[in-house]
Each structure stands twice: as C-alpha cells, then as structure tokens.
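The values are calculated or read from the model by the stated rules, or taken from the named source; none is laboratory data. Given the structure is predicted, the values throughout are model-derived calculations rather than measurements. Because the Cβ atoms are built from the backbone with ideal geometry, glycine has one as well, and the counts that use them run over all protein chains shown. For accessibility, only protein heavy atoms count, side chains too; no ligands or nucleic acids. Shrake-Rupley method; radii C 1.70, N 1.55, O 1.52, S 1.80 Å.
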Amino acid sequence: MEIRTICTWDEEIWQNASPLYLEAFGDKGAKPVKIIKNMFAQGIAELHVGYNKSIPVVMSLTGKLVSNQMLIIDYLAVSEKERGHGLGKHFVDYLRQKAAEGYQKLIIEVESKEIPDNRRHINFWQSCGFLLTEYVHHYVSVPETYHAMYLPLIADSRKTTGEELFVYINTFHRLSFRRGGKEES
C-alpha cells in the first residue's frame, strides 16, 4: 500500500479520499468540507490516504495540537470492500510512526453506548494498543456519548484520564470550527 500525507489542502486528493470518508461518516458525524478546509488553513490538520493500485482504500484525517504534543485521529475509514484484511491496523501503525516524530500521545474518541458496532470499534483500537479511559463525555451539541482512548508514544508512567484527554479533544474541535488564526497554546 502506498500512503500519502498532506498538510495543505489538495482538492484532487480530497476528491479521491472523500468517498471513503462519506461512506463511513456521511450520515454520522462527518464535518462539512468547509470546516475541513478551515482546519487545513489553520495548520491543524493532515489528510492521510492509503492507495492500493492507485485506488484509495483507507483514509484518515488527523488533528495536530502541537503545543500539547497530541495528535488526534479525527476520522479513520477503510473501504468496506477492503475491511478484515489488516489495512486499518497497518494504517494506524503508520499514523503511530508519524506521530512519534513529535507527539507524546495519539488520541481517538469512540462512541460509548454499549452496542455491538461501538464495542467492535473499541476492540479494534485496543488491538492497536490504545488504552480506553473510563470517563464518558457528553457533548452539548450531539446526543451520542464518547470515551477517549490514547496510545502513549513516549515512556510515560502516569495514566491519562478521559477528562484530561477531552480537554485536548475539545480544544481541537473548538479550533476546527474557528475562523482563521493558528493553534492556541
């Protein structure tokens, strides 16, 4: 698999990756393209696309909180036809390696409601080495509740709580929807 990572908006690459994004998140939590472009304009996003014979089969949108040394996996999608072949794990390993170049933790938020799909997602992230936090976060703007999960990238003996992680996640979401400017400290 060939993987491309971009940190500036590229319409052609987005058009290639967006069917995967919409397939996975179109009716459930997808950010509008306008917001994603804004994230790139602020320098807080990267798009990663995995290609199999020049066809996009996996994509991820990550959020950078450089001053906090946190990289957030905002979205990760694997083509429905390609699932079950280890592409997701391979891609998460790629993201881990990229993040290890300057971040202390890789963070993801997962829906917490006890249903089979959510349990499958949590199991996937745990199989990639992520640690599940107990705290359940309630957003004002969406009905779903979430857990934070994290993957330490440096030797860190201290456990991180979900409350701490949601401070970073909320900062990233706030920046995503903010117009102009760069990351706050």
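For the range 1-38: of the residues being among the hydrophobic types (A, V, I, L, M, F, W, C) and in contact with a Lys or Arg (Cβ under 8 Å, 6 or more places away or on another chain), which is most open to solvent (accessible area, probe 1.4 Å)?
Among residues in the range 1-38 that are among the hydrophobic types (A, V, I, L, M, F, W, C) and in contact with a Lys or Arg (Cβ under 8 Å, 6 or more places away or on another chain), the one most open to solvent (accessible area, probe 1.4 Å) is 9.
Given the conditions (1) modelled with pLDDT under 95; (2) more than 28 Å from residue 136 (Cα to Cα), which single one is not true for residue 49?
Of everything listed in (1) modelled with pLDDT under 95; (2) more than 28 Å from residue 136 (Cα to Cα), residue 49 misses just condition (1).
For the range 118-131, give me the residue count where each residue is assigned to a helix (DSSP H, G or I) and open to solvent by less than 70 Å² (accessible area, probe 1.4 Å). Can you show your working first?
Filtering the range 118-131 for residues assigned to a helix (DSSP H, G or I) gives 118-127.
Those left that are additionally open to solvent by less than 70 Å² (accessible area, probe 1.4 Å): 118, 122, 124-125, 127.
Count: 5.
Residues 89, 98: which one is free of Cβ contacts under 8 Å to residues at least 60 places away in the same chain and on the phi < 0 side of the Ramachandran plot?
Within the list 89, 98, the selection yields 89.
Can you confirm whether the range 144-164 contains a residue that is loosely packed, with under 12 Cβ neighbours inside 10 Å, in contact (Cβ under 8 Å) with a residue 12 or more places away in the chain, among the charged types (D, E, K, R) and closer than 27 Å to residue 35 by Cα?
Among the residues of the range 144-164, not one is loosely packed, with under 12 Cβ neighbours inside 10 Å, in contact (Cβ under 8 Å) with a residue 12 or more places away in the chain, among the charged types (D, E, K, R) and closer than 27 Å to residue 35 by Cα, which makes the answer no.
Being aliphatic (A, V, I, L, M), over 24 Å from residue 174 (Cβ atoms) and buried (at least 19 other Cβ atoms within 10 Å of the Cβ): is that true of residue 45 here?
For residue 45, the condition - aliphatic (A, V, I, L, M), over 24 Å from residue 174 (Cβ atoms) and buried (at least 19 other Cβ atoms within 10 Å of the Cβ) - is not met.
It is to be established whether one or more residues within the range 95-117 are under 21 Å from residue 37 (Cα atoms), open to solvent by less than 50 Å² (accessible area, probe 1.4 Å) and modelled with pLDDT of 95 or more.
Yes, there is a match, as at least one residue in the range 95-117 is under 21 Å from residue 37 (Cα atoms), open to solvent by less than 50 Å² (accessible area, probe 1.4 Å) and modelled with pLDDT of 95 or more.
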